[in-house]
Structures are given as structure tokens and as C-alpha cells.
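Here you go, one structure.
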There are 2 protein chains.
Amino acid sequence: MTPPTPTPDRPCVVIVGGGFGGLHAAKALRRAAVEVTLVDRTNYHLFQPLLYQVATGALSPANIAAPLRAIVDRQQNTTVLQAAVVGFDLDAKRVLLDEGDAFPFDTLVVAAGAKHSYFGRDEWERLAPGLKTVEDATRIRSDILLAFERAERTDDPTERQRLLTFVIVGGGPTGVELAGALSELSRHALRHDFRRIEPGDAHIYLIDAGDRVLSNFDESLSANALKSLERRGVIVRNGERVTAITPTDVTIEGPQGSQTLPTETVLWAAGVHASPLAKMLGEASGAEVDRAGRVTVTPTLHLPNRPDVFAIGDMANCAGADGKPLPGVAPVAIQQGQHVARTIANRLHGKPDKPFEYRDYGSMATIGRSAAVAELGRFRFTGYLAWLIWLFIHLMQLVTFQNRVLVLTQWAWNYVTRDRSARLITAVPEEREHIK
Amino acid sequence: MTPPTPTPDRPCVVIVGGGFGGLHAAKALRRAAVEVTLVDRTNYHLFQPLLYQVATGALSPANIAAPLRAIVDRQQNTTVLQAAVVGFDLDAKRVLLDEGDAFPFDTLVVAAGAKHSYFGRDEWERLAPGLKTVEDATRIRSDILLAFERAERTDDPTERQRLLTFVIVGGGPTGVELAGALSELSRHALRHDFRRIEPGDAHIYLIDAGDRVLSNFDESLSANALKSLERRGVIVRNGERVTAITPTDVTIEGPQGSQTLPTETVLWAAGVHASPLAKMLGEASGAEVDRAGRVTVTPTLHLPNRPDVFAIGDMANCAGADGKPLPGVAPVAIQQGQHVARTIANRLHGKPDKPFEYRDYGSMATIGRSAAVAELGRFRFTGYLAWLIWLFIHLMQLVTFQNRVLVLTQWAWNYVTRDRSARLITAVPEEREHIK
């Protein structure tokens, strides 16, 4: 393909990744005298924080996704390119794409995010899917609903209990939110649906290696979340780790020794590893790559010795004020994207780069209906108020107005009826073969 | 699995298929002294008439699908079973299921519908998908959007034109609605999305073997639909038929000879063939099976010689008042489902069976924004009024209130903005391999 023809006064900025970091970098460059090309493998920006609601049948994928082209369609200096990036030739200043294409850049911003990591046990991926993409979410939705269907169909009480056992690995926000939503799905939305099983009898385990769930939050909020989860029947196991996963069970090991839980459905929320593009950047530039696969960047967010190549978001290791790497959360990626855009614009006017400073407005997680925990600055909220704040902030962060309306409609409906109507079992049978 | 234990006064009615016919039979049996089991391969009832809106990015699959269990959850005499029916043992009065299960019945209602038919050219299925399932719709949506993406990416003008050529085979309601929606997608929703291509330049062909589109409608309505299509840039070819489909082109033959159209995207709306279960019923009972694979039923909708086995909807050949088989449309299936339910209830009270009489309230098809054709009794409507009637009737036919609200919200949004926001390219890459 022909790349855009750069003019001397309009350098080419290539942004890899249309997630929070990449999209906000592109949007913040809308008035800069540059030609922006936003490259992504998919054709949409996905609001990952609500993906667990797709996985549990509350929302449809399109409600939390917005076409990248539609987001920047009036931004004349920006082109979207749907392609997979397979490498970099930094010396020739080219991004290497699938199908043998190469795309030149003057400035490169890589924001390719992270995938779930199985700590070297890659064979677990097939058995314990993580939740990062639309396809992950619809697959997990099908897996969960099929487990109930098969439990209803079987005559074997042992098999039935196995099918009604769900194991979520990882007690961070994703694991907690998934466990809470799964409990509400089984106890309320599916309540009257079956004739032979009682969906509310499902056993939902939340396995966490740390000593408390939501370990990044204040201890009082962890305790509150634990109480909310237990009130919803979730069996929380702290200080335990998974040592084996098979198609029919999962083995966990903790202070009390090891235990094998027969289960059909294991969901992975235990850890992430940066996109392989981070390692490629490290190899191409000599920048350090940490254990989580992230490439280390300077305080101004570019690679050491390569001021023309920025790495941001979940795939970048950027030290915070306390010297520790900033967490892989949306606000960090968004602010870094905006910061890089400002840096690029400043350079056009000969201004020096400024170091990135993360403004931490807080964090929050929802456990379910009327239950959430939130830390906003020095303030801590729990229960109904935290839940309302969570709803409002998440709704406002959705990129398009239409999605806000659709999500609000469904949330209101779910609140009143406790229904979750987007509970379709889809995907071609071949893909689900291992379940049968 | 253990089937329900029948009591002498509560016979078991097994309904195969949760489409229009099966679902309405089940609902109409809610007060009858029978035990109903509704068997379907999927876990939802799909409103097929709006599937083309999913395929063109206007709606999400869950907006036009409702979980079967949720629909009948308060109907105490009804059980839903997600399973595939693989055959019948009519003499032993058993339905044979996947996984080796068998399920007994006292009365059987088979409403398994139809699939697209390629007139013996089964190899075309992979190249020219039809529109019958949620998976079909999301695949077609991805195919259409990917064609635009690849057209934007290529440098070769011939290849670009090929990618921007869409061929729809079949000028019935599905083909017409798909062509109209595709035109609006390319001319409006995608209008500002690309930088190198002009989506509105896409060539959309509608190939129909008959001498006019919508041949089941009055001639004046066909002419109106044709005009509406042409105003939207659709190239309508009547009296032509497809003789070859390859991954890169399609060959059509008409009075002017044969022509090969280079294209990436061929969509099939040309004909349907009854579910293979119809043929199985024919073989098991000696009932006749017609060329479209439908099993012939008596005026009371059961198999000849088998009053305990009913076949309804698209898979049944049931003569109308004019002696010709009734068309495979939703109203026929719905009325037949209700009729069979009444017959079953009447028999409990010793009343004789009554013949089925189809009440034809009319038919309609929409071409696009503010354009539709409708025949309601002796009245014919076109344009804006027909379109409003179409909107209202389709909205009211959606099974759940929530889906009505969600669909109405999106239609209103689409009307105002001309956007179609559910345009996600999903599905795993392996499934799309042939496109690359």
C-alpha cells in the first residue's frame, strides 16, 4: 500500500493500537500539524472495563465498542489503518505490517496493550480463557451458559455439581467483578429458567494468591469487597494458587495443602503480559524489558536513545513518583497518550520535552447491584454510593453518546428486573468442541 | 437424561424448534393439561426478519434474540432443552437427540425451519453465505466491513473495485432488504470513514432470476421497490442467474449472455431448503417430501397416518386455499403453531381436529430509510407510510419489551445520524482465512 506522502512541515505520526492510550494520543493530535495514522488489528475501540458485563450477558459487544473510523471520521489529519503490526525497523523508521507491507514514520507511538499471562503455563489458555477481547467475552458467555444447560441435561449428580462449579483465578478488579456478576447471573437472572437444577446453587470460587482481594485498594475496601462477595455466595480463597488445570478440574494449593475442584469452567483474571511488540521494541532499541514483558521508557515516555519512538499504556514500564512502575490501568494509558500528543506538538514548536506525571484520581471496582468500592483521592466509598459513582463514571467514559444511551437503558432494565437478556450461546460448535 | 415422568392425564408434548412456529405452539399450550418440552439447538428465539440489520451493523444480535428459557420461565408446564435433534423413532414415540439421548413424546410438533439452499451447488455455501443464524449475520457483517477495509488498504485500482463490488443473489424480501441496507451503509454510515476510497462508489448488484423483484407482491409494488433500489444506486439484474462463484468473482447468465463480475463478497438470498428433519419425518412415516425438502402434511397439519406428529412452518408443505403450498413466512408458522396448540388442547376434551386456515394479513418489505412497500389486505402502501407501518409492526413483534426499547433507540439514532454503530469486525481470524 502507498503510505501518505509527508510534506516537510507535516511529519508522519504512526500510532500502533486503538485502545485507551493510542486513541487518546490520536484525538489529542487533532490540531497538530502532523499526519496521524492509527493502526489497529480490529476496527473498533473497546471499552475493556465493561467486558465482564458482556461475558455475563448484561451488555452486547457493540454497546462497549465504537468503530475507530467513526471516532476520528471528522479529524482530517488522521487515517485509520486496519492491519496487524508484526515488527519494527527503527533505523529505517518503518513499522512492519502483515502481508509484507511497511509503513514509514517520523514519530512512532506504540500502545499495543497487554494480554493475559499464564506464568509460562500457556497450555492453560485453552482451558481457562481470560477476558481481553470481544471474542474472549462471547466465548466466556457461551461457556458459562452452556455449563448451566449441560447441568440441566445431565442425570449424574456429581457431573451436575461439577458443571455448576465456576472457578475464577485472580482477585483483582476483573476477578472480583466477574465473580460478582456471575453470582447475580446465577442467583437472579437465571432463577426461574431451569426445571431440574437450581442455578443459585452454583459454586463460584474466587482464587487469589495474595492475602486479600483488590490488594491495590485500601484494606478497609478489600474487607468490604470480601463481605459483599461472600454475601453473594462467592467462596473467596486467599493465599492459594492454581497448580494444575485440566478439562475436568482445577487444583489449588494453599496453606492448608492442595485441593482439586471438579469444574467445567475456569476463568483467568490472574495476570497480564505486555504485547510482544514491547519485547520487539526492546530488542530493536536496546531498551530494557521487565518480567511482565513491558519495555522501559524514559520519564518523557520514549525509548532510551530513541526520542522518536514512544511506548505507552500497559506495555510500557514507566516509573511513577514512588519509583515503582505505574499500574496497567486505563487512566495511566489515557494520560500518557495525551502527554505524548502534547510532546509531539511541542517539538514542532521547538519546545523541550516534559516528563510525564500521572495524576491518580483513584480507583474503583463494582461487586454487583448496589455494591462497589471506590477510592477517590483521600475519600473512600462503599456500597450504594460507590456503585452510583462507578455507574456514572463508566457511563461517561464510553466514547459514543449512542453507547451511553444503550448501556444506560440496559442497566436500568437490569436493575428493575434483575434480568440479563444478552445471554446468547453463540460461536460455532467446533470452537466449543472441548466442552462436549 | 431422565425425561419428565408423564402422568396419564398429562401427555408429553415435545416441540422441536424454538422459531416462530415452535415458540408460538409452546406459548399457546400454557394453559393446556400437558407437559411441554421445547427442544432447540440454540438457547434463544431469533427474530429472523431483522437479521439483515445485524449483518449491516444497525443492530446487535442480542437485540433481536431472546433466551427461550426467559420467554417461558413462568410457564410451569414447559421445559426447555438445549439439544440437537438427530432423528425420530416414531413407532417407539421417541425423538433422538445428540449424545445418544432419546426423548419420549405422546404428541410431537416439529418446527425446525429451513436453511438456505444452493440448488445442489453446496460448494457455494462457503463463498456466498446466506442469512439464517446469528453466526451468519456476524460473519456477513465482518465480510462486508473487511471488504471496505481491504479496499482502503490496496494500491491496485482493479483490486479496489473488485473489493467494492457486492453481489446479492435473490430478489425476494431478504435480498431487497439486504441490498437497500448495504447501500445506506456505504453511502451514509461509512461516508466520512475512509481517506483513500469513496464507500459510496461501491457497486451493489442484486441478481434475480425472475422478471421482477419481490415477485410475491403486486406488480406496482415491485416497480416501486425497483425504483427505490435504483435511487439508492443498487444495480438490479432481473432474468439473470448465477452459474459460477469463485473466491474472486461470480458469473451470471441472462438474456444478454454471460458476464463475470469480479467481487469479494457474494451474499445468498436465493432460496431455502427445509431442515433435514423434514425428510427424516417423510422417511419414517411415508409422507411425501417435496422438491424444497418440505414434508407434506394434512389440512390439520399432522403427517398422514400419524395424527400424533405435526410438522409446521417452513419445513411443512401445507396447501393453502388456492391449493398451492403456503409460503415460508413467519405469519404462517405462527398461526400454524397456534393452530396445533389448539388441536392438542381440543383432543384432550375429545373434540375433533379442525383444518388449518391461513389468514393472510399481508406482506411487506423495507428498502431503506423512509422507503418500504406493504400489502395489507386490499390496501397497498409505498414510501414513508409503508415504512412507518413496517417499523411499527416489526417493533411490536419482537418478543421482549427490552428488545423493543433497544431496537427503537437504535433506529431513532440511526434515523437522525444515519450512523450504524454496531459495525464490528469480529470472528476469529482462522474463520476468515479464505478472505485474506
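The values are calculated or read from the model by the stated rules, or taken from the named source; none is laboratory data. All figures in this text were calculated on a predicted structure; none of them were measured in a lab. Positions of Cβ are backbone-derived with ideal geometry, glycine not excepted, and every protein chain shown enters the neighbour counts. The accessibility values were calculated without ligands, DNA or RNA, using every heavy atom of the protein model including side chains. Shrake-Rupley method; radii C 1.70, N 1.55, O 1.52, S 1.80 Å.
At what distance in nm do the modelled label points of A:Thr243 and B:His203 sit from each other, each positioned 7 Å from its Cα along Cα→Cβ?
6.7
Would you look at the GNM of chain A, springs on alpha carbons closer than 10 Å, and say which of A:Gly21, A:Gly271, A:Gly171 moves the most?
Result: A:Gly271 has the largest fluctuation of those listed.
On the protein heavy atoms, probe 1.4 angstrom, tell me the percent of accessible surface of chain A carried by carbon and sulfur.
Carbon plus sulfur share of accessible area: 52 percent.
So, one more: Would you work out which of B:Trp413, B:Gly21, B:Phe310 lies farthest towards the positive end of the dipole of chain B? Charges go on Cβ: Lys and Arg +1, Asp and Glu -1.
B:Trp413
Moving on. How high is the FRET efficiency from B:Leu408 to A:Leu391, r the C-beta distance, R0 22 Å, rounded to 0.05?
Rounded to the nearest 0.05, the efficiency is 0.45.
Go ahead and run the numbers for FRET between B:Tyr361 and B:Arg74, Cβ-Cβ distance against an R0 of 30 Å, rounding to 0.05.
Computed FRET efficiency for B:Tyr361 and B:Arg74: 0.55.
Can you bin the range A:222-276 into rounded, prolate or oblate? Criterion: square roots of the alpha carbon gyration tensor eigenvalues sorted a ≥ b ≥ c, rounded for a/c under 1.5, prolate for a/b above b/c, oblate for the rest.
Verdict is oblate for the range A:222-276.
Further question: Once the convex hull of the C-alpha atoms of the range B:327-436 is built, how many Å³ does it hold per residue, rounded to a whole number?
Measuring per residue, one finds 205 Å³ for the Cα hull of the range B:327-436.
If one takes the longest principal axis of the Cα atoms in chain B, at what angle in degrees, from 0 to 90 and to the nearest 10, does the Cα axis of helix B:173-184 lie?
That helix lies at roughly 40 degrees to the long axis.
How many percent of all Cα-Cα pairs in the range B:123-218 sit more than 19 Å apart?
Percentage above 19 Å: 46.
Compute a Gaussian network model of chain B, connecting alpha carbons closer than 10 Å, and tell me which residue from B:Thr248, B:Thr56, B:Thr417 fluctuates the most.
Comparing B:Thr248, B:Thr56, B:Thr417 in a Gaussian network model of chain B, the most mobile one is B:Thr417.
Using only the Cα atoms of the range A:11-60, build the gyration tensor, take square roots of its eigenvalues as a ≥ b ≥ c, and label the shape rounded, prolate or oblate: rounded if a/c is under 1.5, else prolate if a/b is larger than b/c, else oblate.
Prolate, since a/c reaches 1.5 and a/b exceeds b/c.
Can you give the local net charge around B:Glu375? Use residues other than it whose beta-carbon is closer than 10 angstrom to its beta-carbon, Lys and Arg +1, Asp and Glu -1.
Spelling it out: positives minus negatives among the neighbours equals 0.
Quick one: net charge around A:Pro11, please, counting Lys, Arg +1 and Asp, Glu -1 for every other residue with C-beta under 12 Å from its C-beta.
That works out to -1.
Same structure, new question: Relative contact order (percent) for chain B, with alpha-carbon contacts under 8 angstrom and 6 or more residues of separation?
For chain B, the relative contact order is 19 percent.
Taking the alpha carbon gyration tensor of chain B, what are the square roots of 5 times its eigenvalues, largest first, to the nearest whole Å?
With the √(5λ) rule applied to chain B, the semi-axes are 39, 22, 22 Å.
Could you work out Rg/(2.2 N^0.38 Å) for the range A:1-92, with Rg from alpha carbons only?
1.23
What does the copy distance list look like for B:Leu391, label position 7 Å along Cα→Cβ, in nm and ordered from shortest?
Label point to label point, same position, other copies: 2.9 nm.
Can you tell me the orientation of helix A:401-417 relative to chain A, as the angle in degrees between its alpha-carbon axis and the longest Cα principal axis, to the nearest 10?
Compared with the principal axis, the helix lies near 10 degrees.
So for the pair B:Leu348, B:Ser258, with labels modelled 7 Å out along Cα→Cβ, what separation do we get in nm?
6.0
In nm, what does the list of distances from B:Lys354 to its counterparts in the other copies look like, shortest first, when each label sits 7 Å along Cα to Cβ?
List, nearest first: 8.1 nm.
Further question: For A:Val86, which sequence-distant residues (separation of 5 or more, or a different chain) have an amide H within less than 5 Å of its own amide H, given hydrogens modelled in the peptide plane?
Amide H to amide H, under 5 Å and 5 or more residues apart or across chains, A:Val86 pairs with A:Leu96, A:Leu97, A:Asp98.
Hey, another quick one. Report the charge-dipole magnitude of the range A:163-217 in Debye, nearest 20, computed about the Cα centre from +1 at each Lys and Arg Cβ and -1 at each Asp and Glu Cβ.
200
Out of the range A:312-414, which chymotrypsin sites (Phe, Trp or Tyr not before Pro) are coil in DSSP terms and have no more than 13 other C-beta atoms within 10 Å?
A:Tyr361
Past the 18 angstrom mark, what percentage of all C-alpha to C-alpha distances in the range A:189-268 do you count?
52
Point me to the residue of chain B whose C-beta lies closest to the B-onto-A rotation axis, rounding the distance to whole angstrom.
Reported as residue, whole Å: B:Ser60, 2.
For the range B:47-79 and the range A:117-191, what is the separation of their Cα centres, given in Å?
Their Cα centres are 23 Å away from one another.
Then there is this: For the protein assembly as shown, give me the percentage of DSSP beta bridges that are antiparallel, rounded to the nearest 5 percent.
50
What accessible area per residue, rounded to a whole number of Å², is obtained for chain B using a probe radius of 1.4 Å?
Result: 41 Å² per residue.
Next up: May I have the extent of the alpha carbons of the protein assembly as shown along their three principal axes, as whole Å values ordered from largest to smallest?
Between the extreme Cα coordinates on each principal axis of the protein assembly as shown lie 89, 74, 41 Å.
In terms of the Cα gyration tensor, with a ≥ b ≥ c the square roots of its eigenvalues, is the range B:279-370 rounded because a/c is under 1.5, prolate because a/b exceeds b/c, or oblate?
Here the range B:279-370 falls in the oblate category.
Taking 8 Å as the Cα distance limit and 6 or more residues as the minimum spacing, I'd like the relative contact order of the range A:1-100 as a percentage.
Reported as a whole number, the value is 26 percent.
Rounded to whole Hz and in sequence order, give me ³J(HN,Hα) for the range A:36-51 from the Karplus expression 6.51 cos²θ - 1.76 cosθ + 1.60, θ = phi - 60°, writing x for Gly and Pro.
Coupling constants for the range A:36-51: 9, 10, 9, 9, 8, 5, 9, 9, 9, 8, 9, 8, 4, x, 9, 4 Hz.
Work out how much length B:Arg369 to B:Arg31 would gain on full extension: take 0.36 nm times their residue separation and subtract the Cα-Cα distance, in nm to one decimal.
Separation in residues times 0.36 nm, less the Cα-Cα distance, equals 117.5 nm.
Distances from B:Glu159 to the same position in the other copies: list them in nm, one decimal, shortest first, using label points 7 Å from Cα along Cα→Cβ.
Relative to the other copies, B:Glu159 has label-point distances of 5.1 nm.
While we're here: Can you list residues whose amide H is under 5 Å from A:Ala244's amide H, if they're 5+ apart or on another chain and H is modeled 1.01 Å from N?
Those lying under 5 Å, H to H, from A:Ala244 are A:Thr251.
Provide, for chain B, the number of lysine pairs with alpha carbons under 22 Å apart, each pair being eight or more places apart or on different chains.
Lysine pairs, 8 or more places apart or on different chains, close enough: 9.
Mind checking how much accessible area B and A bury in total, 1.4 Å probe, in Å² rounded to 100?
Chains B and A together bury approximately 5200 Å².
Taking all pairs of distinct Cα atoms, average 1/r, flip it, and tell me the Kirkwood hydrodynamic radius of the range A:73-128 in Å to one decimal place.
Answer for the range A:73-128: a Kirkwood hydrodynamic radius of 14.3 Å.
Separate question: Return the long-range amide H neighbours of A:Gly172 (sequence gap of 5 or more, or a different chain), with a cut-off of under 5 Å between placed amide H atoms.
For A:Gly172, the qualifying residues are A:Leu214.
Once the Cα atoms of helix A:383-397 and of chain A are each reduced to a long axis, what angle between those two axes, in degrees from 0 to 90 to the nearest 10, is obtained?
So the helix axis and the longest Cα principal axis differ by about 40 degrees.
Ordering A:Lys27, A:Lys132 from largest to smallest accessible area (1.4 angstrom probe), what's the sequence?
I get A:Lys27, A:Lys132, largest accessible area first.
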